[in-house]
Amino acid sequence: MGLRLLILAILLTACTAGTAEPPRLELVGRIDIPELDEASGLARSQLDPDVMWVHNDDGKPRVYAFDKAGETRGRLTLEDVKNRDWEDLSSFTLDGEPYLLIADVGDNMRRRKSVFLYIVEEPDLADDDKVRTDVAWEIKIQFPDGPRDVEAVAVDVKNERVLLLSKRNLPPVLYSVPLRPTGDRVTATRLGAVRSLPPPKRSDVMAAPKTKSWFWQPTAMDLHGDTAIILTYRALYWYKRQPDESWFDTLNRTPTAQSLGRIPGAESATIGADHSAAFITVERKKPPFYRAPIPQEDLQ
C-alpha cells in the first residue's frame, strides 16, 4: 500500500472508531388523531395485534386507538374520572380478560398526596368505535418516602403487581403496588434504586433548567414476556430477564441501549404484540410514530 493510501486508511479508521452506532429506528408514519397533541402513554392492544392505544397527558379522560398506519380506530372515554396528569399506559390480560391501565401519576412539583391507576376493560372497537365505560377498579397510591413524579409504569401480570419508576430521582427509584389491592389506598413498596441507566454529569444537571434538556430521565416503561424496556429522552434501553430473576434485579443489569438520535419529546413506548420491536411516539400534534426492532443478538 502506498504512503498516501496508508494515511487515508488510518484517518478513515479513526473517524469510524469515534462514530456512535446510528439509531436503529424506523419512522413508521404519523398518528392522525386530531385530539392528540401531547401523547404521554402508549400500549399495544390485547385484542388486535395491529392496534395500539394512546392518550394525552391532560384534558379529556380519553384513550385513543390507532393502527400501524397511524389511522384512528376509535376512542374510549372513562366515566367519572379526571385526567389530571396521565403519564403512562399499559395493557395486560388477567383471568382471560383484556385490560388497559391508565397511570395518573405525574407530579412535577411533588405536591400530590395520592396518585391513581385506573384499570378499564379493553373494548372491542368492531362493535362501537366511541365507547364510554366505568373504571373496573382504581388504585390510589401514596409513596413511602413522600410524593414522587412518575412517568414510567408497567404491569407485571405474572406476579399481579404494577411497577412504577420515578423520574426526577438520581438514580431513579423503582416501586411496586398490588394489581388488585384491598382497601381504599395502598402505600407503594420501595424496591430500590435502578442504577443501570447512564447518569448525567453534574454539569448536565446544573445546565438543564436553561437548556431544557433532562435527557437522562425515564419517561416510559413496558414489560412483555421476559423483555423490558425503559425509555428516556435520549435512548431506549432493553433488558432481558434471566430465569427466576426479579424485575428489580433485571433492571439493574447493564441494558442494551438504542439511541433516539434527534427525536425531541419522546415520552411513550410499548413493546409490540409480536415481540419483534418496540414502538415510540412523542408529545406533539400529529406525532411521528417510530419502530425500534428488538436487538435479538444482544438480548440472548
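For S246, the conditions (1) surrounded by 17 or more Cβ atoms within 10 Å (Cβ to Cβ); (2) among the small types (G, A, S); (3) at pLDDT 95 or above all hold with the exception of (1). Across the range 50-76, the qualifying residues are those that are among the hydrophobic types (A, V, I, L, M, F, W, C) and in a strand (DSSP E or B), and the one among them that is nearest to T281 (Cα to Cα) is V54.
Does V81 satisfy the criteria of being closer than 15 Å to P123 by Cα and either surrounded by fewer than 21 Cβ atoms within 10 Å (Cβ to Cβ) or touching a His at 6+ places or on another chain (Cβ under 8 Å) (or both)? So that I can check it myself, show each step before the final result.
Numbers: closer than 15 Å to P123 by Cα: no; either surrounded by fewer than 21 Cβ atoms within 10 Å (Cβ to Cβ) or touching a His at 6+ places or on another chain (Cβ under 8 Å) (or both): yes.
Considered against the rule, which asks whether it is closer than 15 Å to P123 by Cα and either surrounded by fewer than 21 Cβ atoms within 10 Å (Cβ to Cβ) or touching a His at 6+ places or on another chain (Cβ under 8 Å) (or both), V81 comes out as no.
Going by the conditions given, is V194 buried (at least 17 other Cβ atoms within 10 Å of the Cβ) and either under 20 Å from the mean Cα position of the chain (by Cα) or in contact (Cβ under 8 Å) with a residue 60 or more places away in the chain (or both)? Answer is yes for this residue.
Scanning the range 250-300 for residues that are among the charged types (D, E, K, R), part of a loop (DSSP other than H, G, I, E, B) and in contact (Cβ under 8 Å) with a residue 40 or more places away in the chain returns R253, D274, E283, R284, K285, K286.
The values are calculated or read from the model by the stated rules, or taken from the named source; none is laboratory data. What you see is a predicted model, and the numbers here were worked out from it, not measured in a lab. For neighbour counting, all protein chains shown are included, and Cβ atoms are generated from backbone atoms with ideal geometry for every residue, glycine included.
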